[in-house]
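Here's the structure we're looking at; comments come further down.
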Amino acid sequence: MAKKITLDIINAQGTSLVSAKKIYIRDNKIAMDGNIMGTMPGQFYITPANLYKATKLIDFAFIKGAIKLLKQGKKDYEAELAAEEAKK
């Protein structure tokens, strides 16, 4: 059985600030179930207006860099899965 996937948003010291367990659309908002600082569970929302505002913060260099990071993330994740399988 595959390990449950979480998305961690960390600070510069490597401490997890938010751990996302599920991201979905609810009531015309992007919703996320997760924990703040590892202990406080909650639901977090991004409204359509804030999602639009977020696009104003993104430039072409970010998009290029994000694609590169996504490819690297896929390789890293596949390596993690292979290492887990090798332990079994």
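Computed from the coordinates by the stated procedures, all read-outs in this text should not be read as laboratory data. Model, not experiment: these values are computed from the prediction. So basically every Cβ, Gly included, is an ideal-geometry build from the backbone, and we count neighbours across all protein chains shown.
Over the chain, all Cα pairs binned in 10 Å intervals from 0 give whole-percent P(r) values of 14, 30, 43, 12, 2, listed from short to long. Packing-based ranking of 27-38, 47-58 yields 27-38, 47-58, ordered from highest to lowest mean Cβ neighbour count within 10 Å. Mean residue ellipticity, 222 nm, helices only, the chain: the sum of -39500 (n - 2.57) across DSSP H runs of n ≥ 4, divided by residue count and rounded to 500, is -14500 deg cm²/dmol. As I understand it, the value is the acute angle between the Cα axis of helix 60-87 and the longest principal axis of the Cα atoms of the chain; what does it come to in degrees, rounded to 10? It is inclined by approximately 30 degrees. Between residue 87 and residue 11, what FRET efficiency comes out of the Förster formula 1/(1 + (r/R0)^6) with R0 = 35 Å and r the beta carbon distance, rounded to 0.05? About 0.75, to the nearest 0.05. Toward the positive end of the charge dipole of the chain, with +1 on the Cβ of Lys and Arg and -1 on the Cβ of Asp and Glu, the farthest Cα among 43, 10, 72 is that of 72.
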